[in-house]
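The structure under discussion appears below in the form of structure tokens.
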Amino acid sequence: MGNFDVIVVGAGTAGSYASYLLAKAGLNVALIEMKRRDKVFKTTGDAIGIHHIERMSIKPPSDVYAIKYEGAELYSPDLSIKYVVLGKGFGLDMAKWAQWLISEAEKAGVHIFDDHKVQGPIIENGAVSGVRVLKPDGSAEDFRAKVVIDASGVGAVVRSRLPREWWVSEPLLPEDVSNAYREIIQVDYEIEKPEYIKIYLDTNIAPGGYWWLFPKSSNTMNIGLGLWGKLSEENGLNPRHNYDKYLANSQYTRGRKVIHMGGGIVPTRRPLPSLVANGFLAAGDAAVTVNPVHGGGIGPALLSAELASKTVIDAFEKGDFTERGLWRYNIEYLRAYGIKQAMLDVFRLMLQTLTDDQLNKGLRARLLTEDEVLEISERGSLELSFIDKLKIGLRLMRVPDVASKLRLALRYMNEVKSLYEAYPESPSVLSSWYGKLASIYREYTGRLGITLKWLSNT
Ligand SMILES: Cc1cc2nc3c(=O)[nH]c(=O)nc-3n(C[C@H](O)[C@H](O)[C@H](O)COP(=O)(O)OP(=O)(O)OC[C@H]3O[C@@H](n4cnc5c(N)ncnc54)[C@H](O)[C@@H]3O)c2cc1C
């Protein structure tokens, strides 16, 4: 099929946006998507914070939005406590969102190959030089480019087939994902305050995760749950099963008429040790860029696409497509989002050890206020004055068992932050940096009382 400057694999949020930005900069871009173009659609909770949209260099048309949100309501397992966390956002119509992004890419000059399935990378002389593609007629063809961006979602069809000794190919383990199922349904009652998404902590319904009710209008909603992949692996837990058991015939779904059903795997972990290799970058779910606490990945898919494209444009100016030449993507990603992602990963592992009773007690004692919850989820950290620390200290005294876990998490969040701030400026010293990361996690998870496979393999 010939040669391109850049091949982007996957026409989801990350891939379409990255290819749009690259073509706008004058590069010859192939966007390869396995689905038929009009069928591109991602099953999600559909919610996105407004700041992600505002950062985009193109303005979406209003029809990609199903609803506007003012914030989130967070409920304790016994439903006695409700936190209201303010923050504007949207419920997207994911079909229109996908079609809009693909058409913007096309208008910018991207060559779109839909119904074309990438089978894996072509590797020559230690660098990715293209991808092998299965065409609609069943024949295979090699596509070549200076740079390949894997934006194929959680399956990471290119990244996961790169040599295991390349940092970027680190496998995604069940302990680092959330398994999710959701339905878009119509109900026969008026949803209360549809301008607020609703998040419910409940370790029966969604162990190691949460269940959600995101209104799409006054009588339609996106409702589902995500549970910790480690529990699926060890105990066979299944999100669809829990949905059917707890939510499908509940007061929340009264008069349920299913509009769409589906599920998926959400990567909810620290950043990959590296997002690049010779001739290669990953973006979006393929690069595990999701928020580990709430599982929001549409915004980070846009952000990683933007930063990956910037690096690629720079690489073309310099003529350097090596791992070293593309390394700045790692640095910029960590600065913009990855450090927070790593800190939130530490926080989610602590959350995943809490029982319903502890969650009830912790929320009732307001161990963290709404503002602090927002600060942790926005920044991944808490910047506290002495007085704030004193106030938190007093609150912590009321629920010592939960408080000690919270303190532990906050301490290790800071350790991880310092380490990520000292992320290597070049690949040569990544190995010793990674060793330090593993030893922080080993100490932390030991104290939390959980075992992680990546640590026994490291
Ligand atoms: C149930 C669920 C609920 C979620 N809720 C939310 C939410 O409310 N808010 C939020 O922000 N995030 C949510 N997420 C996460 C979010 O959906 C993802 O993080 C985000 O959509 C990732 O975008 P992406 O472009 O990286 O990947 P994708 O949207 O998965 O795009 C990947 C594309 O690559 C294509 N592809 C795959 N393999 C190949 C191949 N071999 N060859 C060619 N093409 C290929 C796919 O067809 C697809 O079009 C949720 C996820 C799930 C599963």
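The values are calculated or read from the model by the stated rules, or taken from the named source; none is laboratory data. Computed from a prediction, not measured in an experiment: that's the story for all the values here. With ideal geometry, Cβ positions are generated from the backbone for all residues, glycine too; neighbour counts draw on all protein chains shown. Accessible surface is based on the protein model in full, side chains and every heavy atom, while ligands, DNA and RNA are left aside. Shrake-Rupley method; radii C 1.70, N 1.55, O 1.52, S 1.80 Å.
When only DSSP loop residues count, what trypsin sites (Lys or Arg not before Pro) in the stretch 119-176 have their Cβ near at most 10 other Cβ atoms within 10 Å?
Those that pass, being in a loop and sparsely packed, are Arg164.
Just check the chain against the gyration tensor rule for me: Cα atoms, a ≥ b ≥ c as the square roots of the eigenvalues, rounded for a/c under 1.5, and otherwise prolate or oblate depending on whether a/b exceeds b/c.
Verdict is oblate for the chain.
Ignoring everything except DSSP H segments at least 4 long, calculate the 222 nm mean residue ellipticity for the chain; use -39,500 (n - 2.57) per segment, divide by total residues, nearest 500.
Mean residue ellipticity, 222 nm, calculated: -11000 deg cm²/dmol.
List the residues, sorted by chain then number, that are 5 or more residues from Ala47 or on another chain and whose placed amide H is less than 5 Å from its amide H.
Leu92
Take every DSSP beta bridge whose two residues both sit in the chain, then give the antiparallel share in percent to the nearest 5. Don't skip to the answer; put the middle values down first.
On the way: 54 of 75 bridges.
Once the DSSP bridges in the chain are tallied, antiparallel ones form about 70 percent.
Counting only residues 5 or more places away or on other chains, whose amide H sits under 5 Å from the amide H of Phe4 once H atoms are built in the peptide plane?
HN-HN under 5 Å from Phe4: Arg144, Ala145, Lys146.
What do you get for the angle between helix 94-107 and the principal long axis of the chain? Use alpha-carbon atoms, 0 to 90 degrees, nearest ten.
30 degrees
Computed FRET efficiency, Cβ-Cβ of Glu372 and Gln251, R0 30 Å: what is it to the nearest 0.05?
Approximately 0.45, to the nearest 0.05.
Per 0.36 nm of contour for each residue apart, how much would the distance between Glu54 and Glu124 grow if the chain were fully extended, relative to their Cα-Cα spacing?
Once the chain is fully extended between Glu54 and Glu124, it gains 21.2 nm.
For the stretch 77-93, in order, what is each residue's ³J(HN,Hα) by Karplus, 6.51 cos²θ - 1.76 cosθ + 1.60 with θ = phi - 60°, in whole Hz (x at glycine and Pro)?
Residue by residue, the stretch 77-93 yields x, 8, 6, 7, 10, 10, 9, 10, 9, 7, x, 6, x, 9, x, 8, 8 Hz.
For the stretch 308-325, just list the computed ³J(HN,Hα) in residue order, Karplus coefficients 6.51, -1.76 and 1.60, θ = phi - 60°, integers in Hz, with x standing in for Gly and Pro.
5, 5, 4, 5, 5, 4, 5, 4, 5, 5, 8, x, 10, 10, 7, 3, 5, x
Would you please give the residues with an amide H less than 5 Å from that of Thr203, counting only those at least 5 places away or on a separate chain, with H modeled from the backbone geometry?
Hits under the 5 Å cutoff: Asp356.
Carbon and sulfur together cover what percent of the accessible area of the chain at a 1.4 Å probe radius?
Carbon and sulfur atoms account for 52 percent of the accessible area of the chain.
Under a 1.4 Å probe, what is the accessible area of the chain per residue, stated in Å²?
Roughly 41 Å² per residue, with all protein chains present.
Residue by residue through the stretch 15-32, which ³J(HN,Hα) values in whole Hz follow from phi under the Karplus form 6.51 cos²θ - 1.76 cosθ + 1.60 (θ = phi - 60°), with glycine and proline marked x?
Per-residue couplings from phi come out as x, 5, 5, 4, 5, 4, 5, 5, 5, 4, 7, x, 8, 8, 10, 9, 10, 10 Hz.
How charged is the neighbourhood of Arg256? Take every other residue with its Cβ under 9 Å from the Cβ of Arg256, and add Lys/Arg as +1 and Asp/Glu as -1.
Local charge sum for Arg256: 0.
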